[in-house]
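Colleague: Dropping the structure in here first, questions after.
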Amino acid sequence: MKLTYFGHSCFLVEAAGTRLLFDPFITPNPLAKGVDPASIAADFILISHGHVDHLADAVDLAAKTGAKVLSNWEIVEWLGKKGVANLHPMNHGGSVRLPCGRVKMVAAVHSSALPDGSNGGNPAGFVVETGEGSFYYAGDTALTLDMKLIADEFRLRFAVLPIGDNFTMGAADAVRAAGFCGATDVVGVHYNTFPPIQIDSATAVDAFRNAGLTLHLPAIGGSVEF
Ligand code: NI
Ligand code: MN
């Protein structure tokens, strides 16, 4: 599996021949100005919740890539009204078959209003199971005991966890989250984009290392192979 980071919580995972793009937020992010959204190809776009820093480019990228968008019922309804046609609604606890395996929507502790104030349903994370291994994207969330359910069901090759604190868990709780979900390799996201989520990256890396875990912080535009 290959993960490419596009800044904030936007990343692409290529696994077993399927390209999955998560939480597209590129053009409003000054840190991601080196990323050309037109260069991104995807088969599926997965959206964790309704906040603008997770779906600002969803309508455009859905049209440009032709990807099917997976999200909760309310966000899918809202995207449909914005002209997105290739949509699939799901909700917590449900799984959807993918060409590379399946994706399960799991709990997140956060909020989810859409940019125009519409009801964005409830925030979520995703676990993707593929022929090349499984991974968990937590979305925006606090540390929650629900993450232990993931370790019961899946053997994760890696997890993508928010580490920026303030709006989500910070690095110390992300270390505990990695323990809960059973991931030894973690990709940190949702940090440094805005002043309230500025962190000291070296301290975060050390916190994971001290727990026997590896925190990967790829450069924007950079990739990690798992
Ligand atoms: Ni959020
Ligand atoms: Mn966010």
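The values are calculated or read from the model by the stated rules, or taken from the named source; none is laboratory data. Nothing here was measured: the structure is a model prediction, and the numbers come from that model. All Cβ positions, even for glycine, are placed from backbone atoms using ideal geometry, and neighbour counts span all protein chains on display.
Colleague: Need pairs with beta-carbon distance below 6 Å; first residue under 13 Å from K64 (Cβ atoms) and within segment 80-92, second of a type in the set (G, A, S); sequence gap 6+ or separate chains.
Modeller: Taking only residues 6 or more apart or on different chains, the pairs are V84/A62.
Residue-by-condition table, conditions (1) surrounded by fewer than 19 Cβ atoms within 10 Å (Cβ to Cβ); (2) away from ligand 1 (no atom under 16 Å from the Cβ); (3) at pLDDT 95 or above; (4) farther than 19 Å from A32 by Cα:
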{"site": "N119", "(1), (2), (3), (4)": "yes, no, yes, yes"}
{"site": "G182", "(1), (2), (3), (4)": "yes, yes, yes, yes"}
{"site": "T203", "(1), (2), (3), (4)": "yes, yes, yes, yes"}
{"site": "L215", "(1), (2), (3), (4)": "no, yes, yes, yes"}
{"site": "E225", "(1), (2), (3), (4)": "yes, yes, yes, yes"}
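Colleague: Then there's this: For segment 30-54, which positions are within 16 Å of ligand 1 (Cβ to nearest atom) and in contact (Cβ under 8 Å) with a residue 60 or more places away in the chain?
Modeller: L46, S48, H49, G50, H51, V52, D53, H54
Colleague: Looking for whichever is within 13 Å of ligand 2 (Cβ to nearest atom) and either at pLDDT 95 or above or touching a Gly at 6+ places or on another chain (Cβ under 9 Å) (or both) here; the options are P99, P162. Which one fits?
Modeller: Result of the check over P99, P162: P162.
Colleague: Please verify whether S111 is within 16 Å of ligand 1 (Cβ to nearest atom), in contact (Cβ under 8 Å) with a residue 60 or more places away in the chain and not aromatic (F, W, Y), treating the condition exactly as stated.
Modeller: yes
Colleague: With the requirement that a residue be within 15 Å of ligand 1 (Cβ to nearest atom) and out of contact with any Ser or Thr (no Cβ under 9 Å at 6 or more places or on another chain), what does segment 164-180 give you?
Modeller: D165, N166, F167, G170 - these are the residues of segment 164-180 that are within 15 Å of ligand 1 (Cβ to nearest atom) and out of contact with any Ser or Thr (no Cβ under 9 Å at 6 or more places or on another chain).
Colleague: Here is a follow-up. Looking only at segment 120-139, decide whether some residue is touching a Lys or Arg at 6+ places or on another chain (Cβ under 9 Å) and among the charged types (D, E, K, R).
Modeller: Checking segment 120-139: at least one residue is touching a Lys or Arg at 6+ places or on another chain (Cβ under 9 Å) and among the charged types (D, E, K, R).
Colleague: Please go through segment 14-29 and pick out each residue that is touching a residue at least 60 places away in the same chain (Cβ under 8 Å) and of a type in the set (V, I, T).
Modeller: Passing the criteria: only T18.
Colleague: OK, next. Testing K104 on (1) closer than 28 Å to G182 by Cβ; (2) more than 16 Å from ligand 1 (Cβ to nearest atom); (3) in contact with a Leu (Cβ under 6 Å, 6 or more places away or on another chain), one condition comes back false. Which one is that?
Modeller: For K104, the exception is condition (3).
Colleague: Just need a number here: residues in segment 36-54 that are part of a loop (DSSP other than H, G, I, E, B) and farther than 21 Å from M1 by Cα.
Modeller: 4
Colleague: I want to confirm something. Restricting to segment 55-100 and keeping residues that are in a helix (DSSP H, G or I) and within 16 Å of ligand 1 (Cβ to nearest atom), which single residue is surrounded by the most Cβ atoms within 10 Å (Cβ to Cβ)?
Modeller: I75
Colleague: Inside segment 117-152, can you point out the residues that are farther than 18 Å from I45 by Cβ, in contact with a helix residue (DSSP H, G or I) (Cβ under 6 Å, 6 or more places away or on another chain) and among the small types (G, A, S)?
Modeller: S118, A151, listed by residue number.
Colleague: To continue, here is another question. Can you pull out the residues in segment 113-141 that are within 16 Å of ligand 2 (Cβ to nearest atom), within 14 Å of the chain's Cα centre (by Cα) and of a type outside the set (D, E, K, R)?
Modeller: Result: P123, A124, G125, F126, Y137, A138, G139, T141.
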